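Before any comments, here is the structure.
Read-outs throughout are calculated quantities, based only on the coordinates presented, and are distinct from any laboratory measurement. Bear in mind the structure is a predicted one, so any value in this text is a computation, not a measurement. Note that each Cβ is placed from the backbone with ideal geometry, even for glycine, and that neighbours are counted across all protein chains shown.
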Amino acid sequence: MNRSLTIALGIMLTVVLSMAGLVLIPNWQFREMQQHKDDDGNLWPVQLEGAEALGRAEYVSLGCVYCHTQQVRPPNYGADLDRGWGFRRTVPRDYLFDKPHLLGTMRTGPDLANIGARQPSRDWHMLHLYDPVITSPGSTMPPHRFLFEKVAPSDRAPERAIRLPDDSGWILPSARAESLFAYLRSLDKSYELPEAPQ
Amino acid sequence: MFLVYLVIWAFTLLAGASAVWALAWAVQTGQFRDFRAGAASIFDEGEPVGRVTDAFPGEGKHP
Amino acid sequence: MTPAVAQPLPEGLPGDRLSRIQIDRSCRQTVVWYMVSAVAWLLAGSLLALLASIKMHTPGFLADADWLTFGRVRPAHLSTMIYGWGSMAGVGVLLWLQARLSRVRLPLPLLLPVTVVIWNLAVLYGTVRILQGASTGIEWLEFPVEVLAFIGFCMAVIIVASVLMFVRRQVKHTYVSQWYLFGAVLWFPFLYILGVVLSEAGDVRGVAKAAANWWFAHNVLGLWFTPIGLATAYYMIPKVIGRPVHSYHLSLLGFWTLAIFYNWAGTHHLIGGPLPAWLVTVGIVGSMMMFIPVITVAVNHHLTMAGNFHHLRTSPTLRFVVVAAMSYTVVSFQGSLTALRAVNEVSHFTHYTIAHAHLGVYAFFTMMMFGAAYYILPRLMNTEWHSARWIRVHFWATSLGMALYWLGLTWAGWRQGEMMNDPNIPFLAIVEYTKPWLHSRSLAGVLMTIGHVSFAWLVWNLVRQRGAALIGPTLLKRRKSA
C-alpha cells in the first residue's frame, strides 16, 4: 500500500520534474551566458535591430521555419559542414537573442544558419524570393510574388528594382521583401566563439 | 520574471496536491486491491460479460 | 468476486443505479456538439492539408496571396487538426467515458455546451490569425497567446466536470480508463499554460525555448492524445467483444510508466542541435523507457482480443479501435528507435518524421476517435448509422490512405536523409528525388479526405436522425429507472 502511495505521488510530480529538468535547468545553465567579445572588441552574436528584426518577424509570419532549419550539426554527424552550410557547429550562445527560436525540424530546403555568408547577393535573394526556380531550377519553394511589384519592361530601370532574367520586366521589392533580405543577409555565424572553434 | 516563477510554482503545488489527493483516495477505496473486480466494473446486468455490443447497422445479430 | 460478475453497488447509495440510457441522454447535447464540431474541423483541416500537400510538389499552386502561402497553410492545418478535430473529439469522448464509467449524469448541463461555442471560436480565431500571419512561430503553439485564455477556460470547466463526476461516482472501482482520462484532463492545461508561458517569458533564453517547445509539443501527443486514446481502447475493446481486459494489473502498470517516462522524451526532437549534450541524452533515455508502457499495452490488448478477432468483420468500432491500437504499438516502437542517435542522424529533418507524426496523430489517435464515434453517437442520438456501406468506405479510404502516406514518406524520408548526409549529392537532386513521393502523399491525402467526407455524411445523417431507431444490443431494454 505504501509502495503504491509512493508511485502515484510521483505521477503528477514527474511532469513537473520533467519540465524542470528539460527546460528550467538548461535555462539556469545559460544564466551567465553573454555575448562574446572578440579581439577587436566586437560583441557576438549581434542583437538584431531595424530592418533585420522586421525581417525576422516576416520570416516567422511566412512560416519559413517549416522548411528551413537554422542549426549546423557537429562534424561527423550528418554532412552539414561538408555541404558548406556552416563554418563550425552552432552552439547555444549563437541563439542568445532568438525569440521565438527558429531551429526548425525540417529540411525541405537547405539550412539557413549561414545563408547571409553563403549567398550575400541582393539580386539573387530577390529573384529567388520572387520565383525560386529562376535561381534554383527544380526548387519546390513557393514563389513569394506577393512581396513584389512587377514593372513592365522599359529602358529606364526603376530605382532598386531588379531585372528579370527573361527580360519580361522588373520586380520592385516591397518593404517586406527588403526587410526579409536584410534578415537573411544577417544570418552569418562566421564569427568565432571560444566553445566552438572553426 | 516573478510572474513566471509564480505560475510555475503554483502549478507545481497544484500538481503535487492533486497527486496526493488521488493517491489517498485510491488507497482508501482499495483501487490497488482487487484487479479482477476492476476489470469487470464496466459490465453490468444489462450488458454482461459475453455480450457483443457493436455491429454494422442492419447487419448485427440483434438479440 | 469473480470477473464475470458485475461489480455490486456500494451499499447505502441513495436511489437506484442510473441506466445507461439516462447517462447517455445527459451527455447528448454536450458530447454530440463536441463531436460534430470536431468533424467540421476535420473537414477544414483536410482541406488545408490537401492545399499544403499539393503546394509541396507544385509550389505555384495558389501562391499569389500571402495568406495562402505554404508556410501559413501548413501550421493552419496542424492547428485545426490538433486543437479543432483532435482535442474537441477527445473532449467529447472523454466526457462521455467519464460519465459512463462513474455511472452518473454529465454535470454542468449549461456550462459545458457553452465551452463548445467558446472552443470553436478560439480555434477559428487562432486559425484566421495564423493565415493572416500572426502565428507565434512556435511549432504546435502557433495560435496567438490570447487563445490560451479561451481554451484554458474551457479546460477549467472540463476539469470541474470531471471532478464532479468522480466525486459523485456510483461505482466502487476506478476503471483503468479513468486513470488515463484524469491524467489527460490535468496534464493538458498544465502543459498548455506552461508551454505558452515558457515560450513568451523573457528570461527563458535562446535554445531553452527550443527545449520548452518540444517538451510541450511532444507531451501534447504523449499526455493528452495518448491517454485519451488508450482510455478509449481500454473501454471499447472489452465492451465491444464482451470480455474483461486480460491483465488488469498490467494496464495499471502501463499507466504509471507512461506517466513517468513519456514526458522526458521530447528533447529527442533536437538531437544534433545546439543544446547541451546531457539534455538530449535525457530525451533519448526517456524515449527508450517508453518501451515498457507500450509493450504492456500491446500485450494486454492482444491478449484481450485473442480469440475474438472475428468481431472485426462485424463491428465498425472494433475495426477502427484495433487498427488504432496496433498503430500505437508501431508508432511508439518507431518513435523510440528514431530517438537513437544513429537512426536520427538520417531521419532527422526529413519526411520520415512527418510520416511518423501522422502515424501517431492519425493512425493511432484519429482512428481511435473514429471508432469511439461509431460507438457513442448512435447511443446519444438513439439512431442507427444510416448506411453500412459508407462506414466501409470511411474505413478503407482512411486505412489505405494512411498506409500509402506512411509507407511512401517513410521510405522517401529515409532516402532523403541518406542523400543529405552525402555531401556529393547536390541539394536540388534530393528535392527532385522526393517529388514523386510527394505526389503519392497528395494521393493519400485525397483518399483520407474521401474517408472524412463519408464520415461527415454519416454523422450529418445521424444527427438528423435519418437512420433506423436504435434497437441494437446496447439499448436492449428501454427500461425506465425506478
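Efficiency by 1/(1 + (r/R0)^6): what FRET value for residue A:168 and residue C:464, r their Cβ-Cβ distance, R0 = 45 Å, to the nearest 0.05? Efficiency, from the Cβ-Cβ distance: 0.25. Extension gain, residue C:310-residue C:124: 0.36 nm per intervening residue step, less the Cα-Cα distance, totals 62.7 nm. Across chain A, where is the longest run that never hits GluC sites (Glu not before Pro) in a DSSP loop with at most 15 other C-beta atoms within 10 Å? Of all site-free stretches, the longest is A:50-158. With axes computed from alpha carbons, what is the tilt in degrees of helix C:277-289 against the longest principal axis of chain C, rounded to the nearest 10 within 0 to 90? Helix C:277-289 and the main axis of chain C meet at about 40 degrees.
Relative to the longest principal axis of the Cα atoms of chain C, the long axis of helix C:316-338 lies at roughly 40 degrees.
Under the combined filter of DSSP loop state and at most 10 neighbouring Cβ atoms within 10 Å, segment C:38-125 retains none of its chymotrypsin sites (Phe, Trp or Tyr not before Pro).
So for the protein assembly as shown: antiparallel DSSP bridges make up what percent, rounded to the nearest 5? Before the final figure, lay out each step's value.
Values: 10 of 11 bridges.
Percent antiparallel among DSSP bridges in the protein assembly as shown is about 90.
With unit charges on the beta carbons (Lys and Arg positive, Asp and Glu negative) and the dipole taken about the Cα centre of the protein assembly as shown, which residue among C:164, C:189, C:201 sits farthest to the positive side? Farthest along the dipole direction, towards plus: C:164.
Mind giving me the FRET efficiency for residue C:134 and residue C:432? R0 is 45 Å, r the Cβ-Cβ distance, nearest 0.05 is fine. Efficiency computed from Cβ-Cβ geometry: 0.85. Sorting C:47, A:22, C:198 by the number of Cβ atoms found within 10 Å of their own Cβ, with the fewest placed first, yields C:47, C:198, A:22.
Taken along the Cα-to-beta-carbon direction at a fixed 7 Å, the label points for residue A:44 and residue C:292 span 4.5 nm.
When the Cα positions of C:364, C:318, C:216 are compared along the charge dipole of chain C, C:318 comes out farthest toward the positive end, with charges on each C-beta of Lys, Arg, Asp and Glu.
In a simple Cβ point-charge model (Lys, Arg +1; Asp, Glu -1; nothing else charged), the protein assembly as shown has a dipole of about 3240 debye relative to its Cα centre. Placing unit charges on the Cβ atoms only, positive for Lys and Arg and negative for Asp and Glu, gives chain C a dipole magnitude near 2120 debye about its Cα centre.
Rounded to the nearest 500, what is the 222 nm mean residue ellipticity of the protein assembly as shown from helices alone, with -39500 (n - 2.57) per DSSP H run of 4+ residues and division by all residues?
Values: 25 runs with 420 residues, N = 743.
Taken over the protein assembly as shown, the calculation gives -19000 deg cm²/dmol.
Pairs exceeding 25 Å between alpha-carbon atoms, taken from A:150/C:55; A:189/C:209; C:172/C:239; A:99/A:150: A:99/A:150. Projecting the Cα positions of C:98, C:453, C:42 onto the charge dipole of segment C:20-470 (unit charges on Cβ atoms of Lys, Arg, Asp and Glu, taken about the Cα centre) puts C:98 furthest along the positive direction. Rounded to the nearest 20, the Cβ-based charge dipole of chain A about its Cα centre (Lys and Arg +1, Asp and Glu -1) stands at 620 debye. For a paramagnetic label modelled on residue C:114 (point 7 Å from Cα along Cα→Cβ), amide N atoms under 11 Å away belong, within segment C:137-169, to C:154, C:157.
The mean sequence distance of close C-alpha pairs (under 8 Å, at least 6 residues apart), as a share of the length of chain C, puts its relative contact order at 16 percent.
The C-alpha atoms of chain C define a longest principal axis, and helix C:291-305 lies at about 40 degrees to it. Note on A:98, A:111: ascending count of other Cβ atoms within 10 Å places them as A:98, A:111, the fewest first. Restricting the trypsin sites (Lys or Arg not before Pro) of segment C:155-197 to loop positions (DSSP other than H, G, I, E, B) with no more than 14 neighbouring Cβ atoms within 10 Å leaves C:168.
Available extension along the chain between residue C:58 and residue C:149 is 29.0 nm, counting 0.36 nm per residue and deducting the alpha carbon span.
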